[in-house]
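Here the structure is laid out as structure tokens; the discussion comes afterwards.
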Amino acid sequence: MTAARPGRVAVFGDIGGHVDELYTELVRLGADPDSLDFPDDLTVVQVGDLVHRGPDSAGVLQLVHQIRTDQPDRWFQLAGNHEAQYLEPTPRFDWPETLDSESTDLLRHWWVIGAMTPAAAIVTPEGEWLATHAGLTEGFWKRSLSGPASATEAAEALNAMVGSDREPLVFRAGSMLTGAVDLAAGPLWAEAGSELLASWQGDPSIMPFSQVHGHSSVIDWRSHRFLAESRTLTRTSFDPGRRHVTTRVGSQLVVGIDPVLGRRAGFGWAPLVLQRASVVVPGRIGRGHG
Ligand SMILES: [Mn+2]
């Protein structure tokens with residue numbers, strides 16, 4: 001278990017191969033433009049999908065690898081479905097790009113040593129947040145994790161699946177892969193509106209912690225088309241300057257931060273910055289294999 005000291009925790013959405021966008025945001029947060037040394041109060045959680053789509057996936061991985069080597073325990077990496085393309089055993093999807101062998105080896109290495117995990121918890125004075133790539137659906141929380149009461153316990157249960165015979169559950173698909181809506185879709189695949197948010201609408205009061213996720217969004221930022229049912233949208237606010245979507249679920253929040261950078265980016269976006277926060281990644285150290 002790793003806990004960084006309390007400070008600013010910047011949660012980055014899907015980078016998708018946009019190394020220049022990532023660099024610019026880190027410098028905006030106070031990282032040194034040359035060394036990328038972080039200011040003392042800054043820790044990063046990245047929710048996966050570092051790679052694919054944009055111009056330089058290998059460059060993104062090299063940048064992240066350099067930061068993590070130079071500054072241990074300042075960058076916590078989660079796995080997205082695009083990283084999972086290179087892990088075993090996972091559902092594969094058709095994608096026109098393939099990473100080079102160095103990039104592939106790095107992702108597999110991170111996974112087996114626990115340096116890239118399904119989940120992290122972020123602890124703040126106001127409460128706990130669970131960070132995953134796609135969000136934790138109510139069905140997965142209840143049936144696959146037995147309903148953990150805190151984000152730290154949820155992250156612990158998710159991360160403990162890796163390297164166990166339950167590991168395939170981490171990659172449980174959802175409608176984006178199968179076409180069929182699944183209110184127990186897994187934390188790397190749940191679709192934001194129809195699966196993640198819809199799953200908690202039966203009884204929103206039972207979601208025990210807030211969540212932050214990437215992967216998909218209840219708004220198409222280009223067309224401004226909404227991709228969720230009206231009872232979700234009435235509880236949702238949009239921050240187009242940062243490309244954040246915040247939905248109230250009972251007394252908790254679900255914040256979607258996938259900026260949908262696409263192939264060319266070229267618009268404003270930002271990580272979600274939580275104050276007086278610390279990151280807890282159960283299972284990250286001492287898992288004993290790899
Ligand atoms: Mn994704």
*How would you rank 211-220, 244-253, 189-198, highest first, on the average number of other Cβ atoms within 10 Å across their residues?*
189-198, 211-220, 244-253
*What net charge is computed for the residues neighbouring residue 195, neighbours being all others with C-beta under 10 Å from the C-beta of residue 195, Lys and Arg scored +1, Asp and Glu -1?*
-3
*Which values of log₁₀ I(q)/I(0), to two decimal places, follow from the Debye formula for the stretch 1-158 at q = 0.12, 0.14 Å⁻¹ with a uniform point scatterer at every Cα?*
-0.53, -0.73
*Hull volume in cubic angstrom per residue (convex hull over the Cα atoms of the stretch 40-99)*: 93 Å³
_Using only the alpha carbons of the stretch 208-290, what is the convex hull's orientation-averaged projected area in square nanometres?_
8.5 nm²
_Per 0.36 nm of contour for each residue apart, how much would the distance between residue 267 and residue 227 grow if the chain were fully extended, relative to their Cα-Cα spacing?_
12.3 nm
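Could you quote the convex hull projected area for the chain, Cα atoms only and averaged over all directions, in nm²? Walk me through the numbers before you get to the answer.
Values: hull surface 54.8 nm².
Result: a mean projected hull area of 13.7 nm².
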*Given the options 222, 263, 28, which has the most mean-square fluctuation in a GNM of the chain, springs set between C-alpha atoms less than 10 angstrom apart?*
222
*Please work out the Cα center distance from the stretch 249-268 to the stretch 8-25, rounded to the nearest Å.*
12 Å
*asked:* Suppose we keep just the DSSP beta bridges with both residues in the chain; what percent of those would be antiparallel, to 5?
replied: 60 percent
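In Å, the Kirkwood hydrodynamic radius of the stretch 133-195 over pairs of distinct alpha carbons?
After inverting the pairwise mean of 1/r, the radius is 11.6 Å.
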*Per residue solvent-accessible surface (Å²) - the stretch 7-280, probe of 1.4 Å*: 38 Å²
*Cα-based Rg (one decimal) and Dmax (whole number) for the stretch 140-270, in Å?*
15.0, 43
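The values are calculated or read from the model by the stated rules, or taken from the named source; none is laboratory data. The shown structure was predicted, so the numbers you read here are calculated from the model rather than taken from an experiment. Note that we place each Cβ from the backbone using ideal geometry, even for glycine, and neighbour counts take in every protein chain shown. Just so you know, the surface numbers come from the protein's heavy atoms only, side chains and all, with ligands and any DNA or RNA stripped out. Shrake-Rupley method; radii C 1.70, N 1.55, O 1.52, S 1.80 Å.
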